[in-house]
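Novice: Handing you a structure now.
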Amino acid sequence: MRRVMIVLAAASGVAATPLAGQLPAPVGDMLRRVFASGDFAPERFGPARWIAGGTAYTTVEPAAGRSGASEIVRYETATGARSIAVAARQLVPPGDTAPLDVDEYAWSSDATKLLVFTNTRRVWRQNTRGDYWVLERGSGALKKLGGDAPASSLMYAKFSPTGDRVAYVRQGDLYVERLSDGRITRLTADADSLHVNGMTDWVYEEEFDLRDGFRWSPDGSRLAYWRFDMTGVGTFLLTNDTDSLYPFVVPVQYPKAGTANSSVTAGVVSADGGPTTWLQVPDDPRQNYIPRMEWAGPREVVLQRINRAQTVDRVMLADAATGAVRTVLVEQDSAWLDVVDDLRWLGGGGGKEFTWLSERDGWRHVYRVSRDGKTVRLVTPGAFDVIEVAAVDEPGGWLYFVASPDNATQRYLYRARLDGRGTPERVSPGERPGTHDYDISPDARWAWHTYSTFDTPSLTDLVRLPSHATVRTLAANDRLHAAVAPLTARPAEFFRVTLPDSATLDGWMIRPRDFDSTKTYPLLMHVYGEPAGQTVLDRWAGRTGLWHRMLADQGYVVASVDNRGTPAPRGRAWRKVVHGAIGVLSSREQADAVRALTRSRRYLDSTRVGIWGWSGGGSSTLQAMFRYPDVYQVGMSVAPVPDERLYDTIYQERYMGLPQENAAGYETASAINHAEGLRGRLLVVHGSGDDNVHYQGTERLLNRLIALGKPVDFMEYPNRSHCICEGRGTTLHVFSLLTRYLLEHLPAGPRTRDGRGV
């Protein structure tokens, strides 16, 4: 059994003191309600799928009369008429009595066949390995795919566009199974521990959000796929000390900053088998990335090739028959480029033009680019950022996109003419400030719309476009709204704080429900601070948000600000000012924000300031505690990266460059190199099985603090990953630990202005 330890190294010796025990009963009860019960569980809509172009949709609902079973229900979009598309009894495998659990599902293009993903297993972040079954709706036949494949061993199964075959990955190779007779064709045959086809390595999955590594051609005759050669990539050994008599290791090919990447190539193969035509992408495949690839009509493949520094993105068209490649567009940025997920073809099946996101004028905008790249036209003019493309209504001549020109904490749906004429118009209702998310139907006439605010849980409804008229409510979340009402009785405040250099940061603040402005309160800052995350959002924050409100009711003021360098829609310069120096500007701006808040708001006690964060936020917490000990008295750092050199190539080099070219920058940006500044109380929490942010970094940090004679409180969660969520009771334990640490070391509750308790 592990326990929390305090490591205290000093000239006089080493001492260990246990952290205190029980939480106050009301606090413990609330923690259990939030993290170990269904009291605040949200009602969810889906998983849902549009069918028939948007005139109908399906969703998964509990089956009537069968406890724990599900059925797939069809709704007519306009009328709401309900019918059973697939009953639970149709999902009972031959020889069994219980229906399949539907983790995910997909329809064939004509909706005559259903693909069910079940018995799933987690691989790194998501459940991507499992069993696949196909239901023939006409005959009622239910068949498991994969032949003699072991249970839960197939990945990424997808119908062909013609609906007569399914492709999937099995043990690193790509297969196609014909549904009429079950014939299985193996398309690749060279997979081993260092070579995979149709899937990706760890770092592509984590940083490019790329998992399924193959794409069907529009006519279903061929597949384009990625191949990864991980030879030479450093192997990180995750040690499992808990699940067997003797420890064992799980090897992960993990390229750390400055080290060798996988050699990544792309090819096209017939769905009937045969040789692969390799795409002739130029230059060293270890020094360039292919983060996106799709078909551009039946004869060509479009791909993005980004250099290792991630400053040049080349859009290339490849001849699927010969592999010949030509560059049609080159995007460049002196800092870094993000992968474009919104490349969509216009002008019919062949695609005469495509949409493209670029920051070339200082704002992220949508452009129309001709197939040869010679013509580039702006579609979304204005001094604002397009956050994402939501839909293209080519028959109607409209582009739907998400933006928030006037408030970087919110999200709204807009539309602009595809020809770029006129001014973009807002579609989301003006009387509902907050965050609006959309899943728009293929015909762009309907959308599943989810709305929430920082104080209001989500509500999902079906709306008609472009009027945004509500057709019906899909998930009202009435029970959750009632459950959180006492906690949200005092609305949170959104504010802007001005720093000494005149930069303005967005923030939110939660005060106790019994707040008294004549008293002073401790301030707890929640931080992320890096380019991968924005904490200041006017949207429901789930369990973490409820925990913050619970802390406020214990007598804390809880706040968060987004420093420059976070992905807020405030322009290219805002986001990319941190290039080459992650953690330096961000920690300074966070500290300046705290100073400004405690000066301007007399109810904030500058002698009681804490900070906490997870992952990049854990790193930011270390930066705060080491660089600005005069500002923060308590820090809680969960799963941090103390040394920037220990994180992966794609993320770290995107924002910092290569260590070989920016050695001084890495030295300055790494929190571990500033540990001598620690004066306050610091808790570090990490899972020893973290495949993402390695426990190695925390061990190095502990060694450094011991050598410096600095006290640190530390909790290891054995064999837990980056979420520290595996195992019974783990999440409750984590947040109970954090709560107890705050109550012990950052005294809660109001004090009089002279510092006395009340």
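The values are calculated or read from the model by the stated rules, or taken from the named source; none is laboratory data. This one's a predicted model, so the numbers in the text were calculated from it and none came from an experiment. Here the Cβ positions follow ideal geometry from the backbone for every residue, glycine too, while neighbour counts run over all protein chains shown.
Novice: Being polar (S, T, N, Q) and more than 20 Å from L742 (Cα to Cα) narrows it down to one residue among S619, S587, S637; which is it?
Specialist: S587
Novice: Tally time: how many residues in the range 287-331 are polar (S, T, N, Q), over 22 Å from R360 (Cα atoms) and in contact (Cβ under 8 Å) with a residue 40 or more places away in the chain?
Specialist: 1
Novice: Would you confirm whether or not the range 263-278 contains a residue that is of a type in the set (D, E, K, R) and closer than 30 Å to R344 by Cβ?
Specialist: Scanning the range 263-278 turns up at least one residue that is of a type in the set (D, E, K, R) and closer than 30 Å to R344 by Cβ.
Novice: Can we say Y647 is farther than 30 Å from R364 by Cβ, aromatic (F, W, Y) and either at pLDDT 95 or above or within 26 Å of the chain's Cα centre (by Cα) (or both)?
Specialist: No, not satisfied.
Novice: Find all pairs meeting these conditions: Cβ atoms under 6 angstrom apart; at least six residues apart or on different chains; first residue within the range 443-464 and closer than 18 Å to F40 by Cβ; second residue surrounded by 21 or more Cβ atoms within 10 Å (Cβ to Cβ) and of a type in the set (D, E).
Specialist: T453/D538; F454/D538
Novice: When you scan the range 467-478, do you find a residue that is over 28 Å from R74 (Cα atoms), part of a strand (DSSP E or B) and either free of Cβ contacts under 8 Å to residues at least 60 places away in the same chain or among the small types (G, A, S) (or both), even just one?
Specialist: No.
Novice: Continuing with the same structure: Might you let me know whether the range 275-284 holds any residue that is assigned to a strand (DSSP E or B) and surrounded by 18 or more Cβ atoms within 10 Å (Cβ to Cβ)?
Specialist: Yes, because at least one residue in the range 275-284 is assigned to a strand (DSSP E or B) and surrounded by 18 or more Cβ atoms within 10 Å (Cβ to Cβ).
Novice: Applying the selection to the range 373-388, what residues are among the polar types (S, T, N, Q) and either assigned to a strand (DSSP E or B) or crowded, with 20+ Cβ neighbours inside 10 Å (or both)?
Specialist: Within the range 373-388, just T380 meets the criteria.
Novice: Could you give every pair whose Cβ atoms fall below 6 Å, whose first residue belongs to the range 551-569 and is at positive phi, and whose second residue is of a type outside the set (G, A, S) and surrounded by 24 or more Cβ atoms within 10 Å (Cβ to Cβ), counting only separations of at least 6 or pairs across chains?
Specialist: Qualifying pairs under 6 Å: G565/V578.
Novice: Still on this structure: Out of (1) touching a residue at least 60 places away in the same chain (Cβ under 8 Å); (2) among the acidic types (D, E); (3) over 30 Å from A383 (Cβ atoms), what's the single condition that is false for E530?
Specialist: That leaves (3) as the condition not met.
Let's see how each residue does on (1) assigned to a loop (DSSP other than H, G, I, E, B); (2) without any contact (Cβ under 8 Å) to a residue 40 or more places away in the chain; (3) surrounded by fewer than 19 Cβ atoms within 10 Å (Cβ to Cβ):
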position	(1), (2), (3)
A624	no, no, no
P640	yes, no, no
E653	no, no, no
N673	no, yes, yes
R679	yes, no, yes
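Novice: Which ones in the range 250-274 are part of a strand (DSSP E or B) and either surrounded by 15 or more Cβ atoms within 10 Å (Cβ to Cβ) or touching a Cys at 6+ places or on another chain (Cβ under 8 Å) (or both)?
Specialist: Of everything in the range 250-274, those that are part of a strand (DSSP E or B) and either surrounded by 15 or more Cβ atoms within 10 Å (Cβ to Cβ) or touching a Cys at 6+ places or on another chain (Cβ under 8 Å) (or both) turn out to be V252, Q253, K256, S263, V264, T265, A266, G267, V268, V269, S270.
Novice: Got a number for residues in the range 682-722 being part of a strand (DSSP E or B), surrounded by fewer than 21 Cβ atoms within 10 Å (Cβ to Cβ) and either among the charged types (D, E, K, R) or without any contact (Cβ under 8 Å) to a residue 60 or more places away in the chain (or both)?
Specialist: 1
Novice: Tell me, which residue of the range 415-473 that is among the β-branched types (V, I, T) and crowded, with 18+ Cβ neighbours inside 10 Å is farthest from G396 (Cα to Cα)?
Specialist: It comes out as T456.
Novice: Then there is this: Looking only at residues that are of a type in the set (G, A, S) and touching a residue at least 24 places away in the same chain (Cβ under 8 Å) in the range 368-382, which one is farthest from L399 (Cα to Cα)?
Specialist: The qualifying residue farthest from L399 (Cα to Cα) is G373.
Novice: Which condition from (1) free of Cβ contacts under 8 Å to residues at least 24 places away in the same chain; (2) closer than 30 Å to R511 by Cβ is the one that G422 breaks?
Specialist: All conditions are met except number (2).
Yes or no, residue by residue, for (1) part of a loop (DSSP other than H, G, I, E, B); (2) of a type in the set (F, W, Y); (3) under 30 Å from P659 (Cα atoms); (4) in contact with a Leu (Cβ under 7 Å, 6 or more places away or on another chain):
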{"residue": "P291", "(1), (2), (3), (4)": "no, no, yes, yes"}
{"residue": "G297", "(1), (2), (3), (4)": "yes, no, no, no"}
{"residue": "L329", "(1), (2), (3), (4)": "no, no, yes, no"}
{"residue": "D341", "(1), (2), (3), (4)": "yes, no, yes, no"}
{"residue": "G362", "(1), (2), (3), (4)": "yes, no, yes, no"}
{"residue": "V366", "(1), (2), (3), (4)": "no, no, no, yes"}
{"residue": "A390", "(1), (2), (3), (4)": "no, no, no, yes"}
{"residue": "V402", "(1), (2), (3), (4)": "no, no, no, yes"}
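Novice: So is T322 of a type in the set (S, T, N, Q), within 22 Å of G420 (Cβ to Cβ) and more than 25 Å from the chain's Cα centre (by Cα) or not?
Specialist: no
Novice: Sticking with this one: Within the range 479-508, which residues are closer than 30 Å to Y400 by Cα and charged (D, E, K, R)?
Specialist: R496, D506
Novice: Among the residues of the range 48-76 satisfying the criterion of being at pLDDT below 95 and closer than 16 Å to T112 by Cα, which is surrounded by the most Cβ atoms within 10 Å (Cβ to Cβ)?
Specialist: Here the answer is A52.
Novice: Scan the range 301-318 and give yes if some residue there is surrounded by 19 or more Cβ atoms within 10 Å (Cβ to Cβ), part of a loop (DSSP other than H, G, I, E, B) and among the hydrophobic types (A, V, I, L, M, F, W, C), otherwise no.
Specialist: Among the residues of the range 301-318, not one is surrounded by 19 or more Cβ atoms within 10 Å (Cβ to Cβ), part of a loop (DSSP other than H, G, I, E, B) and among the hydrophobic types (A, V, I, L, M, F, W, C), which makes the answer no.
Novice: Could you go through the range 120-130 and let me know if any residue there is in a loop (DSSP other than H, G, I, E, B), at pLDDT 95 or above and buried (at least 20 other Cβ atoms within 10 Å of the Cβ).
Specialist: Within the range 120-130, none of the residues are in a loop (DSSP other than H, G, I, E, B), at pLDDT 95 or above and buried (at least 20 other Cβ atoms within 10 Å of the Cβ).
Novice: When only residues in the range 479-496 that are hydrophobic (A, V, I, L, M, F, W, C) and assigned to a strand (DSSP E or B) count, which is surrounded by the most Cβ atoms within 10 Å (Cβ to Cβ)?
Specialist: Across the range 479-496, the extreme among qualifying residues is F494.
Novice: List, please: which pairs have Cβ atoms under 8 Å, are six or more places apart or on different chains, and start with a residue in the range 51-64 that is under 17 Å from L474 (Cβ atoms) and end with one that is of a type in the set (K, R) and part of a loop (DSSP other than H, G, I, E, B)?
Specialist: Close Cβ pairs (under 8 Å, with a partner that is of a type in the set (K, R) and part of a loop (DSSP other than H, G, I, E, B)) amount to G54/R445.
Novice: For the range 265-283, does any single residue satisfy the condition of being touching a residue at least 12 places away in the same chain (Cβ under 8 Å) and under 25 Å from the mean Cα position of the chain (by Cα)?
Specialist: No.
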